[in-house]
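To start, the structure itself, in structure tokens.
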Amino acid sequence: MVDAATAADHANLPAHFFADAKGTDMQIRTALLALLGGAFWSGTAFVSASAQTAPGKDSFYWLGEINKASLVINTSEGLLDPTIAPRIAKGLEAVLKAGDEPNGKRPGLVITFEPLLIEAAGVEATLLHAGRSSQDMLSTVRSAMQRDEFLNIAQELHAVMQTVHRLAEQHRETIVPNYTNGVAAQPNSYGHYLLGHLAGLRRDMERLRQAYARLDVSPMGTTVLNGTGWPLNRNRMAQYLGYAGKVDNAYDAAQILAAEMPIELGAVCTSIAIHAGAFVQDVMTQYAQPRPWILLREGDGNTYVSSAMPQKRNPGILNETRREASRVLSLGMGRAIAAHNIPPGMNDPKDFRENVELLQTTAGMLRTWNRVLKALVVDPNRALEELNSDWTASQEIADLLMRKYKLPFRVGHHFASNIVDYGKSKNIRPSEFPYSEAVRIYKETLHEMRVPDAALPMTESEFRSSLNPAAIVNSRATSGGPHPAEMARMIAEAKGVLEDTEAWIGERRKAIANAIATLDRDFAKIATGAK
């Protein structure tokens, strides 16, 4: 018999994922989960959480919209006989309605969609295929699906950025240790630290928006690779499908761009995943300590209890976020591998299942990361205690001696290093270090560095202040530092960026929705015979 907590330990997942599992069935599920990676148990079967396509927005849906647009445009421009257009429209309506029924057929390929249309409307329905090919149609289907999923990522990334921004405001005066090379390095405002992460996420959003602009162009009407003898209205097709424009070069559309865009989307997703992983690993550092200054709030599946060790609270959603980030990295880099060393136009990197899985996994990772951020609990007193128990403020001694008393930095650095060595050897905390010992060590340091003898220019008050983490953070004068005025400026600026991003996402979604609504309205007029 394997209980839920033990299964969670083996699978590296929160125990609630397995709460309804029992016995050897649980062992089988755990083993399968390890093999499938990222799947979940639906109650009857394993289902990939990342590879599910949103209902109604799959390849079948977009083939339907492409056929609608072809019918409306070609009818109005004299490429399709208006006397047979209503019959074809009604047949297309019947195919789409049947596909929306439970267990209805929803083929996602042109060659499997068309037979249903012929059956519903007659062979004349293939007149819609004037100047079309599965090359440009499926390139359009794939880019439309990627476009939708990319906007979902933008929405989830924006949500993470909002949470980081809110936490930065909340913790602008919370002083914590920051780390370099895995070692406590300097005191900093936790809000400033978070704004640093937010800066990276802002660049991710910039990359996403730039990639979206290159994705938001319609390949329809380019046929296979050099266009068609039919005078298709490609601009109108792009408008009906909600694209900002069209791919200019017909060869580029299905042969170059269609294989290139998944690589760029993979690069954007990879960058986001690296930022997520770095943040998670920084928090995980605290979980190795007996008394961390930052933890996850217990409950809501954030942590789970070890099956054997009652004191242990495993950070489930941290592990989950890291695992999802690794999955994004493997899928993202896989896009480049799939496109490597093949002739133009091959299908290897175009596989919409793998590309959509990449985008949906990224969106899922962001949702989990946002849960992590909302579950963080910072203990300012414990953070300050850790700072005061170590010598993370010692650089300020060297900085002050150079800034105020013009002592060469390396001399001041050596003096501070000698103080740290002495303090650690005697187990003396920074706040308790005797000023008299600092005076003695200063004279010895000048002798070691072959500098003329002189008294320590720092007063005892200055010496104490230079080792005060809060005083150090608040005195930082550099632009972009944690000084209160700079924090206020950066927080306000970031708020403006978030508002602009939210507006951009809304505009893109509205543009697609309005275009499809216009197409459906114009198509319905033909199907019903309305004027």
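The values are calculated or read from the model by the stated rules, or taken from the named source; none is laboratory data. Please read these numbers as outputs of a predicted model, since none were measured by experiment. Here Cβ is always computed from backbone atoms with ideal geometry, including for glycine, and neighbour counts include all displayed protein chains. When the accessible area is computed, the model is the full protein with side chains, heavy atoms only, and any ligands, DNA or RNA have been set aside. Shrake-Rupley method; radii C 1.70, N 1.55, O 1.52, S 1.80 Å.
Report yes if ASP282 is at pLDDT 95 or above, among the charged types (D, E, K, R) and either assigned to a loop (DSSP other than H, G, I, E, B) or open to solvent by less than 60 Å² (accessible area, probe 1.4 Å) (or both), otherwise no.
No; evaluated as a whole, the condition is false for this residue.
Name the residues in the range 91-137 that are in a loop (DSSP other than H, G, I, E, B), over 18 Å from ASP351 (Cβ atoms) and in contact with a Pro (Cβ under 9 Å, 6 or more places away or on another chain), would you?
GLY131, the sole residue that qualifies.
Would you be able to tell me the number of residues in the range 383-401 that are touching a Leu at 6+ places or on another chain (Cβ under 9 Å) and either without any contact (Cβ under 8 Å) to a residue 24 or more places away in the chain or open to solvent by 30 Å² or more (accessible area, probe 1.4 Å) (or both)?
The qualifying residues number 2.
Condition first: in contact with a Phe, Trp or Tyr (Cβ under 7 Å, 6 or more places away or on another chain) and within 30 Å of ASP216 (Cβ to Cβ). Now tell me which residues in the range 266-295 satisfy that.
Passing the criteria: only ALA276.
State the number of residues belonging to the range 285-302 that are open to solvent by 20 Å² or more (accessible area, probe 1.4 Å) and either touching a Ser or Thr at 6+ places or on another chain (Cβ under 9 Å) or part of a loop (DSSP other than H, G, I, E, B) (or both).
Residues meeting the conditions: 10.
Kindly list, by first and then second residue, each pair from a residue in the range 186-207 that is over 12 Å from LEU167 (Cβ atoms) to a residue that is among the hydroxyl-bearing types (Ser, Thr, Tyr) and part of a helix (DSSP H, G or I), limited to pairs with Cβ atoms under 7 Å and residues at least 6 apart or on different chains.
ASP204/SER271; MET205/THR501; ARG207/SER271
In the range 237-270, which residues are among the charged types (D, E, K, R), crowded, with 17+ Cβ neighbours inside 10 Å and under 27 Å from SER76 (Cα atoms)?
LYS246
Among the residues of the range 138-190, write down those that are among the basic types (Lys, Arg) and either assigned to a helix (DSSP H, G or I) or out of contact with any strand residue (DSSP E or B) (no Cβ under 7 Å at 6 or more places or on another chain) (or both).
ARG142, ARG147, ARG166
Taking only pairs six or more apart or across chains, which ones have beta-carbon atoms under 6 Å, a first residue in the range 81-109 that is closer than 11 Å to GLY64 by Cβ, and a second residue that is open to solvent by 30 Å² or more (accessible area, probe 1.4 Å) and part of a helix (DSSP H, G or I)?
Close Cβ pairs satisfying both conditions: VAL95/LEU116; VAL95/ALA120.
Give just the number: which of (1) open to solvent by 70 Å² or more (accessible area, probe 1.4 Å); (2) within 30 Å of TRP62 (Cβ to Cβ); (3) modelled with pLDDT of 90 or more; (4) not hydroxyl-bearing (Ser, Thr, Tyr) does ARG353 not satisfy?
(3)
Starting from the range 498-518, keep only residues that are closer than 19 Å to GLN162 by Cα and open to solvent by 50 Å² or more (accessible area, probe 1.4 Å), then list their pairs with residues that are at pLDDT below 95 and assigned to a helix (DSSP H, G or I) whose Cβ atoms are within a distance under 7 Å, requiring at least 6 positions of separation or different chains.
none
For the range 330-412, which helices (runs of 4 or more DSSP H) that fit wholly inside it have 2 or more residues that are of a type in the set (Ser, Thr, Tyr), in contact with a Phe, Trp or Tyr (Cβ under 6 Å, 6 or more places away or on another chain) and within 28 Å of LEU194 (Cβ to Cβ)?
Ranges flagged: none.
If you go through the range 443-499 one residue at a time, how many are closer than 30 Å to GLY200 by Cα, assigned to a helix (DSSP H, G or I) and either in contact with a Leu (Cβ under 7 Å, 6 or more places away or on another chain) or not small (Gly, Ala, Ser) (or both)?
Going through the range 443-499 one residue at a time, the tally reaches 16.
It is to be established whether one or more residues within the range 304-320 are of a type in the set (A, V, I, L, M, F, W, C), more than 30 Å from ASN370 (Cβ to Cβ) and out of contact with any strand residue (DSSP E or B) (no Cβ under 6 Å at 6 or more places or on another chain).
Looking for residues that are of a type in the set (A, V, I, L, M, F, W, C), more than 30 Å from ASN370 (Cβ to Cβ) and out of contact with any strand residue (DSSP E or B) (no Cβ under 6 Å at 6 or more places or on another chain), one finds at least one in the range 304-320, hence yes.
Of all the residues that make up the range 392-428, how many are of a type in the set (S, T, N, Q), out of contact with any strand residue (DSSP E or B) (no Cβ under 9 Å at 6 or more places or on another chain) and on the phi < 0 side of the Ramachandran plot?
Count: 4.
Would you pick out the residues in the range 428-461 that are polar (S, T, N, Q) and open to solvent by 50 Å² or more (accessible area, probe 1.4 Å)?
SER431, SER436, THR459, SER461
If you scan the range 99-131, which residues turn out to be of a type outside the set (Val, Ile, Thr), under 21 Å from LEU79 (Cβ atoms) and either open to solvent by less than 40 Å² (accessible area, probe 1.4 Å) or touching a Lys or Arg at 6+ places or on another chain (Cβ under 7 Å) (or both)?
PHE113, LEU117, ALA121, GLY122, ALA125, LEU128, ALA130, GLY131
Do we have GLU324 as at pLDDT 95 or above, part of a helix (DSSP H, G or I) and of a type in the set (D, E, K, R) here?
Considered against the rule, which asks whether it is at pLDDT 95 or above, part of a helix (DSSP H, G or I) and of a type in the set (D, E, K, R), GLU324 comes out as yes.
Kindly indicate whether VAL95 is over 30 Å from MET487 (Cβ atoms) and of a type in the set (A, V, I, L, M).
When the stated conditions are applied, VAL95 passes them.
What are the pairs, 6+ residues apart or on separate chains, where a residue within the range 140-157 that is closer than 13 Å to ILE512 by Cα has its Cβ under 8 Å from a residue that is hydroxyl-bearing (Ser, Thr, Tyr) and open to solvent by 20 Å² or more (accessible area, probe 1.4 Å)?
MET145/THR53
Right, MET346: among the hydrophobic types (A, V, I, L, M, F, W, C) and open to solvent by 20 Å² or more (accessible area, probe 1.4 Å) or not?
yes
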